[in-house]
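Engineer: The structure that follows is given in the form of structure tokens.
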Amino acid sequence: MKNEKRVSVHTVVALVSAAVMITFSLTYFFMSRSYYKKYKTYELMSEIETLIDTYYYEEPEDMEKLVNMALTGYVSGLGDIYSCYNNIEESEEASTNHAGLYVGIGITVTKSAEGYIEIIEIPENSPSLEAGLLVGDIITAIDGKDVLTVGYEESVQSVKGDENTQVTITVKRDGIFTDHKVVRKTFDIVTVHGEMLEEDIGYISISQFNGKTYEQFQAKLDELLGLGAKGFVFDVRNNGGGLVYSVEDCLDPLLPKGEIAVAIYRNGESTTIVESDNNELDIPMTVLINGGSASGAELFAASLRDFRDAKLVGTTSYGKGVMQDTFTLSDKSTLVLTVAKYKTTRTDCYHKIGLVPDVECITDSSSVEDEQLNKALEILKSEIVK
């Protein structure tokens, strides 16, 4: 009979107990180190607060500002330009913009040569248009306060306000000063514009992807198809991106069924973020891109290139292939964090690289012709079956 080494029950219990104790000790050690580091950080912050309260030469005027700056700085320490802390007011404004809504008088402005506010764009549904303001008007005063005296940035901020409140805008037009009373309203941000180019080519530009973009996109797509479009130019130049689900909704009627794009997280897991159903628009397409095309705009362009063989025309895009999640904090402020990289299921992530156009075309800023658009039209004409 073979000799067998027998281990007593007491020995087994002792070994198991020792293993548990070692595991517990190691876990406790690493947790303690982590806790200690965090504790020391909070302790230092408390020390700084005490020293400011005790020795700063005057009473701090705005403690809320100090806290906001501290939280902003803490997140900026990640070194990620896309992660940020937003206070309550900033969070509410971001939420409204993502929803595709705008509260205000509805103008896009720039600083004039004299330092005043020049109106460069007014959407069709803007309350400013209803109040008689025009593109090219120079805003010289807001609620009677001179823009040069108050300052450009401060004056622009003073135009903002709550819904249904009124602001008086003084403008200079053709040397004549007039006052316009404008009621701030909530209205849809128009992000999609389109028209027929040539007799059978539709053109659709998308300025951003928000909560209202898809319904505007689908309406314009249906309109141009109804007018006989046999090919499309999609223009996402200077489109900084937006909501992933909005990108998915706009891609869905264009692409074949299947998984289109995935997000890859820190732990290596991936999740489908864009997929398409059975309906697809099987006609020639081109996409205009440039260095201002980023994030969701790049995902839109890459998806059409990879699944619809759409030619990309223009210059190399920005190169943002990471996505953010927004976390609501206890006081309704928010933390925006980069949580994953993303890519189409057919090509690599373009983060920090950008999308290289199939046809590189640089538009001469001094030219009245849109050479990139003309090149996209040229490509489509050769692909459309007559």
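The values are calculated or read from the model by the stated rules, or taken from the named source; none is laboratory data. The structure presented is a predicted model; accordingly, all values stated were derived computationally and were not measured. FYI the Cβ positions are ideal-geometry reconstructions off the backbone, even for glycines, and counts take in every protein chain you see.
Engineer: Just a yes or no: is a residue in region 86-104 free of Cβ contacts under 8 Å to residues at least 24 places away in the same chain and assigned to a strand (DSSP E or B)?
Structural biologist: no
Engineer: Another one. Could you list, in sequence order, the residues of region 308-334 that are over 14 Å from Leu243 (Cα atoms) and surrounded by fewer than 17 Cβ atoms within 10 Å (Cβ to Cβ)?
Structural biologist: The answer is Asp309, Phe327, Thr328, Leu329, Ser330, Asp331, Lys332.
Engineer: Filter region 290-325 down to the residues that are part of a strand (DSSP E or B) and either touching a Lys or Arg at 6+ places or on another chain (Cβ under 6 Å) or acidic (Asp, Glu) (or both), then identify the one that is farthest from Ala261 (Cα to Cα).
Structural biologist: Among those residues, the one meeting the criterion is Val313.
Engineer: Right, Glu360: surrounded by fewer than 19 Cβ atoms within 10 Å (Cβ to Cβ) and in the same structural domain as Leu281 (by TED's automatic domain parsing) or not?
Structural biologist: So Glu360 passes the test.
Engineer: Given the conditions (1) under 29 Å from Asn87 (Cβ atoms); (2) free of Cβ contacts under 8 Å to residues at least 12 places away in the same chain, report the number of the one that Asn267 does not fulfil.
Structural biologist: The number of the failed condition is (1).
Engineer: Given region 113-197, what helices (runs of 4 or more DSSP H) lie entirely inside it while holding 2 or more residues that are under 30 Å from the mean Cα position of the chain (by Cα)?
Structural biologist: 127-130, 152-159
Engineer: To continue, here is another question. Filtering region 129-169 down to residues that are of a type in the set (S, T, N, Q) and under 19 Å from Ser112 (Cα atoms), which residue is surrounded by the most Cβ atoms within 10 Å (Cβ to Cβ)?
Structural biologist: Among them, the one singled out is Ser155.
Engineer: I would also like to ask the following. What pairs come out if I take residues in region 280-293 that are among the charged types (D, E, K, R) and pair them with residues that are in a loop (DSSP other than H, G, I, E, B) whose C-beta lies under 8 Å away, six or more apart or interchain?
Structural biologist: Between residues of region 280-293 that are among the charged types (D, E, K, R) and residues that are in a loop (DSSP other than H, G, I, E, B), the close pairs are Glu280/Pro253; Glu280/Leu254; Glu280/Leu255; Glu280/Pro256; Glu280/Lys257.
Engineer: Answer yes or no: is there a residue in region 220-227 that is assigned to a helix (DSSP H, G or I) and either among the small types (Gly, Ala, Ser) or not assigned by TED's automatic domain parsing to the domain that holds Pro284 (or both).
Structural biologist: Yes: region 220-227 contains one or more residues that are assigned to a helix (DSSP H, G or I) and either among the small types (Gly, Ala, Ser) or not assigned by TED's automatic domain parsing to the domain that holds Pro284 (or both).
Engineer: Turning to a different aspect of this structure: If I filter region 225-242 down to residues being surrounded by 19 or more Cβ atoms within 10 Å (Cβ to Cβ) and more than 20 Å from Asp306 (Cα to Cα), which single residue comes out as farthest from the chain's Cα centre (by Cα)?
Structural biologist: Residue satisfying both the conditions and the ranking: Ala229.
Engineer: Sticking with this one: Among (1) modelled with pLDDT of 95 or more; (2) in a strand (DSSP E or B), which single condition is Leu335 missing?
Structural biologist: Tallying (1) modelled with pLDDT of 95 or more; (2) in a strand (DSSP E or B), Leu335 fails exactly one: (1).
Engineer: Can you find a residue in region 256-265 that is over 19 Å from the mean Cα position of the chain (by Cα), under 23 Å from Gly228 (Cα atoms), in the same structural domain as Lys212 (by TED's automatic domain parsing) and surrounded by fewer than 16 Cβ atoms within 10 Å (Cβ to Cβ)?
Structural biologist: For region 256-265, residues over 19 Å from the mean Cα position of the chain (by Cα), under 23 Å from Gly228 (Cα atoms), in the same structural domain as Lys212 (by TED's automatic domain parsing) and surrounded by fewer than 16 Cβ atoms within 10 Å (Cβ to Cβ): present.
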